[in-house]
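Everything on this sheet refers to the single structure shown next.
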Amino acid sequence: MRLQEQDHDVFRVLSAERRRQREGVELIPSENYVSEAVLDAMGSIFTNKYSEGYPGRRYYGGNENVDDVERLAQDRAKRLFGVPHANVQPYSGSPANLAVYVATCQSGETIMGQNLPDGGHLTHGWKVSVTGTYYRSVPYHVKPDGYIDVDEVGRLAREHKPKLIWCGATAYVRELPFEKIAAVADAVGAFFAADIAHVAGLVLAGVHTSPVPYAHIVTTTTHKTLRGPRGAMILVTEKGLQRDPDLAEKIDRAIFPGLQGGPHDHTTAGIAVALGEAMQSGFKDYGRQIVANAKTLAHGLIERGFTLVTGGTDNHMMLIDLTPGGPGRGVFLQEALDRVGITVNKNTIPGEPSSAFYPSGIRLGTPAATTRGMRQPEMERIAAWIALVADAIKDYQLPTDQPSRGAVLRDFRRAIQENRHLEAVRADVREFCLKFPVAGT
Ligand code: DSN
């Protein structure tokens, strides 16, 4: 029996999500829309199988087809990125990154990564992640201009002698300085891991530097600019194998049996399909268009009076700094944009004056909109809508005393529901979006 007949409750929610994706503009820079082919693989019977181990070395029978699909994914990853080893089993980015620690460090040893409020990722040593509690984390920062402070990376590395240094970010709008940070890591004898979760698709399209010549290990999720299913990969480079000939084996053992059990074979199949898509010549055009769209959107926002961290973007993403209107206002703009069908996320900005829950920035980007076929003229329209929405809520301020925040937010939520201008924008956004179909919706 199909879902529609069997389970009305789940089907109803799924239908609502289809409508949300179809009728709204997705600007969260870590999200994307997969193809029908990736959806087919993800929804396939590969989900029925257990296959602990690796191709040819499994702990269960009946894995001849899983072996083939996993080898396909590995081979495509190796060819695309130009690396000798790929592990495609991590359930997602966080376990992939954790495996890098397990393979290279002992608990309590020193590691370095970009500070989370400065755009870094939780798993690069932030204090509430196990990567910041099981290891001694020494974070590095961005400079007042928003660019990574490479001099500080060098200073801290010489002082603290880390075992592992990360370069990669979750909210960084400029080219990642792989070569410079690799030089620091090499000088102090640290492993250098590049986390390219956000920019993997841009690397393949040739619009972002590849870390492969510089890093020992590269991790990436597969669902962002790479446009595959939710999953991750760990790549070991030639440089990594020169540093430690057992590094690939250590990474594989860290994933299984170190951290995970059976791989999600339907996801592996989806990753293989997405990597096949990334091998097509059109993928380079896609990557170039993501960046062209981001630059147009950034320009359109700046023209309308917004302040952007670093003053623009080199990649797929931008960060609006809302502090000129008051600290902690990200929540208002995120929710007001949600109201009109434009999805973004509130985010800390470097030097955040408020908090992670009530941050002062908005993070937005173009990978998903670009997949839909939106181009520069559409980015102009989106910038105009964002400005209109921001103007409609400009008088809302986050109270500094926490107890009054609930009341202000309740008033705000009621007001944006009742606002007729926002209702009109919602209708325009819906009509606009229906011209750009989304696979699976
Ligand atoms: N939280 C993800 C992102 O949105 O960038 C990264 O883990």
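For (1) closer than 30 Å to Gly361 by Cβ; (2) among the charged types (D, E, K, R), each residue gets a yes or a no:
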residue: Ser15; (1), (2): no, no
residue: Glu31; (1), (2): yes, yes
residue: Val34; (1), (2): yes, no
residue: Glu52; (1), (2): no, yes
residue: Gly56; (1), (2): no, no
residue: Tyr59; (1), (2): no, no
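Yes or no, residue by residue, for (1) among the hydrophobic types (A, V, I, L, M, F, W, C); (2) closer than 26 Å to Pro367 by Cβ:
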{"residue": "Leu164", "(1), (2)": "yes, no"}
{"residue": "Ala171", "(1), (2)": "yes, yes"}
{"residue": "Ala190", "(1), (2)": "yes, no"}
{"residue": "His208", "(1), (2)": "no, yes"}
{"residue": "Pro213", "(1), (2)": "no, yes"}
{"residue": "Thr221", "(1), (2)": "no, yes"}
{"residue": "Leu226", "(1), (2)": "yes, yes"}
{"residue": "Arg230", "(1), (2)": "no, yes"}
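Of all the residues in segment 351-380, those that are at pLDDT below 95 and within 16 Å of the ligand (Cβ to nearest atom) number 2.
Here are some residues: Tyr59, Tyr50. Which one is free of Cβ contacts under 8 Å to residues at least 12 places away in the same chain, of a type in the set (Ser, Thr, Tyr) and away from the ligand (no atom under 16 Å from the Cβ)? Full working, then the answer.
Values: Tyr50 fails: free of Cβ contacts under 8 Å to residues at least 12 places away in the same chain.
The conditions single out Tyr59.
If we keep just the residues of segment 177-214 that are free of Cβ contacts under 8 Å to residues at least 40 places away in the same chain, assigned to a loop (DSSP other than H, G, I, E, B) and away from the ligand (no atom under 14 Å from the Cβ), which is surrounded by the fewest Cβ atoms within 10 Å (Cβ to Cβ)? Quick ask: steps written out before the conclusion?
To start, the set of residues in segment 177-214 that are free of Cβ contacts under 8 Å to residues at least 40 places away in the same chain comprises 177-189, 192, 194, 196, 200, 209, 213-214.
With assigned to a loop (DSSP other than H, G, I, E, B) added as a condition, the list becomes 177, 189, 196, 209, 213-214.
Filter once more, so that each one left must be away from the ligand (no atom under 14 Å from the Cβ): 177, 189, 209, 213-214.
Working: Pro177: 17, Gly189: 11, Thr209: 18, Pro213: 13, Tyr214: 22.
For segment 177-214, the residue satisfying everything is Gly189.
Checked against (1) away from the ligand (no atom under 16 Å from the Cβ); (2) surrounded by fewer than 21 Cβ atoms within 10 Å (Cβ to Cβ); (3) under 30 Å from Lys284 (Cβ atoms); (4) touching a residue at least 24 places away in the same chain (Cβ under 8 Å), Arg71 passes all but condition (4). Does Pro403 qualify as being at pLDDT below 95, assigned to a helix (DSSP H, G or I) and of a type outside the set (Lys, Arg)? Answer is yes for this residue.
The residues of segment 141-160 that are touching a His at 6+ places or on another chain (Cβ under 7 Å) and assigned to a loop (DSSP other than H, G, I, E, B) amount to a single one, Asp149. Of all residue pairs spaced 6 or more apart or on separate chains, those with beta-carbon atoms under 6 Å, a first member in segment 119-138 that is closer than 23 Å to Ser360 by Cα and within 14 Å of the ligand (Cβ to nearest atom) and a second member that is hydrophobic (A, V, I, L, M, F, W, C) and in a loop (DSSP other than H, G, I, E, B) are Gly119/Ala169; Gly119/Ala171; Gly120/Ala169.
Is at least one residue of segment 201-210 among the hydrophobic types (A, V, I, L, M, F, W, C) and more than 20 Å from Ala272 (Cα to Cα)?
We begin by selecting, within segment 201-210, every residue among the hydrophobic types (A, V, I, L, M, F, W, C); these are 202-205, 207.
Of the ones still in play, those that are also more than 20 Å from Ala272 (Cα to Cα) are 207.
Scanning segment 201-210, I find at least one residue that is among the hydrophobic types (A, V, I, L, M, F, W, C) and more than 20 Å from Ala272 (Cα to Cα), so the answer is yes.
Considering only residues in segment 12-41 that are touching an Asp or Glu at 6+ places or on another chain (Cβ under 9 Å) and of a type in the set (Gly, Ala, Ser), the one that is farthest from the ligand (Cβ to nearest atom) turns out to be Ala37. Of the listed requirements (1) of a type outside the set (Val, Ile, Thr); (2) away from the ligand (no atom under 16 Å from the Cβ); (3) surrounded by 22 or more Cβ atoms within 10 Å (Cβ to Cβ), Tyr172 misses just one: (2).
When residues in segment 222-241 are screened for being more than 17 Å from Met279 (Cα to Cα) and either surrounded by fewer than 24 Cβ atoms within 10 Å (Cβ to Cβ) or among the polar types (S, T, N, Q) (or both), 5 of them pass.
The values are calculated or read from the model by the stated rules, or taken from the named source; none is laboratory data. Everything quoted here is computed from the prediction, not taken from an experiment. Using ideal geometry, Cβ is built from the backbone for each residue, glycine included, and neighbour counts are taken over all protein chains shown.
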